[in-house]
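Some notes on the structure that comes next.
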Amino acid sequence: AEASEAPPFELAEIEGAFGGSLQLVQLSLDRFDSTLVEQMAALWVSRRFKELSRVAHQAKSNFGYICAHKAKHAVWRVEMAALGLANGLGGPSGDDPLLLAEVSDALDAATAEMRRVRPEVARALAHVRSRRA
């Protein structure tokens, strides 16, 4: 990542979303599930598209609660493409090359964002806990 790249989320934005309540901010950070993208990758490898779209939907909320917009957009892309594959939009074989490429690209983006988000969640959580102490 470039030094000039924006952080994956802004703590101030989360605070604003929760009306300044540090208790709710801490709750959203505490409940952040850093395993969802790995779960999505496993479902992708096993071509379980319906479950992949469901877990991507969970991940979308997961990133949304902490205002991680780039990550949220990446998992939304996975959700939409996987849903298309699950619903047979790629034909009976479920092998639409555009949808498969979209899942692959979006999952790569989500994985890259999770690598950026995970340490920031830990940092933000420590910061919020120190402010609440």
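The values are calculated or read from the model by the stated rules, or taken from the named source; none is laboratory data. In this text the structure is predicted, and so the values were computed from the model without any measurement. We place every Cβ from the backbone using ideal geometry, glycine too, and count neighbours over all the protein chains shown. SASA here: full protein model, heavy atoms, side chains in, ligands and nucleic acids out. Shrake-Rupley method; radii C 1.70, N 1.55, O 1.52, S 1.80 Å.
Expressed as a rounded percentage, what relative contact order does the chain have, with Cα pairs under 8 Å and six or more residues apart? Each step should come with its number before you reach the end.
Numbers: 150 pairs, mean separation 39.0, N = 133.
Reported as a whole number, the value is 29 percent.
Legend: residues Lys70, Lys60, sorted from most to least accessible area (1.4 Å probe; ligands, DNA and RNA excluded), read Lys70, Lys60. Ranked by solvent-accessible area (1.4 Å probe, protein heavy atoms only, all chains present), the residues Lys72, Lys50 order from largest to smallest as Lys50, Lys72. 3J(HN,Hα) along segment 53-63, derived from phi through the Karplus expression 6.51 cos²θ - 1.76 cosθ + 1.60 where θ = phi - 60°, amounts to 5, 5, 5, 4, 4, 4, 5, 4, 5, 3, 6 Hz, with x in place of Gly and Pro.
The string of couplings for segment 121-131 from the Karplus curve (6.51, -1.76, 1.60, θ = phi - 60°) is 4, 4, 5, 5, 4, 4, 5, 5, 4, 5, 6 Hz, one whole number per residue in order, with x for Gly and Pro. Structural size metrics of the chain, computed from C-alpha coordinates, are Rg and Dmax of 16.3, 58 Å. Helix 36-45 sits at what angle to the longest principal axis of the chain, using alpha carbons and giving 0 to 90 degrees rounded to 10? For 36-45 against the chain, the angle is about 10 degrees.
Mean residue ellipticity at 222 nm, helices only, the chain: -24000 deg cm²/dmol; runs of at least 4 DSSP H residues each add -39,500 (n - 2.57), and the sum is divided by the number of residues.
Just checking the listed ones, Val78, Val45, Val103: in the Gaussian network model of the chain with Cα springs under 10 Å, the one fluctuating most is Val45.
With θ taken as phi - 60° and the Karplus curve 6.51 cos²θ - 1.76 cosθ + 1.60 applied, the whole-hertz 3J(HN,Hα) list for segment 75-81 is 6, 4, 4, 4, 4, 5, 5 Hz, x standing for glycine and proline.
Can you give the longest stretch of the chain with no exposed loop site, where a site means GluC sites (Glu not before Pro) in a DSSP loop (not H, G, I, E or B) with at most 12 other C-beta atoms within 10 Å?
Details: sites that count: Glu2, Glu5.
The reported range is 6-133.
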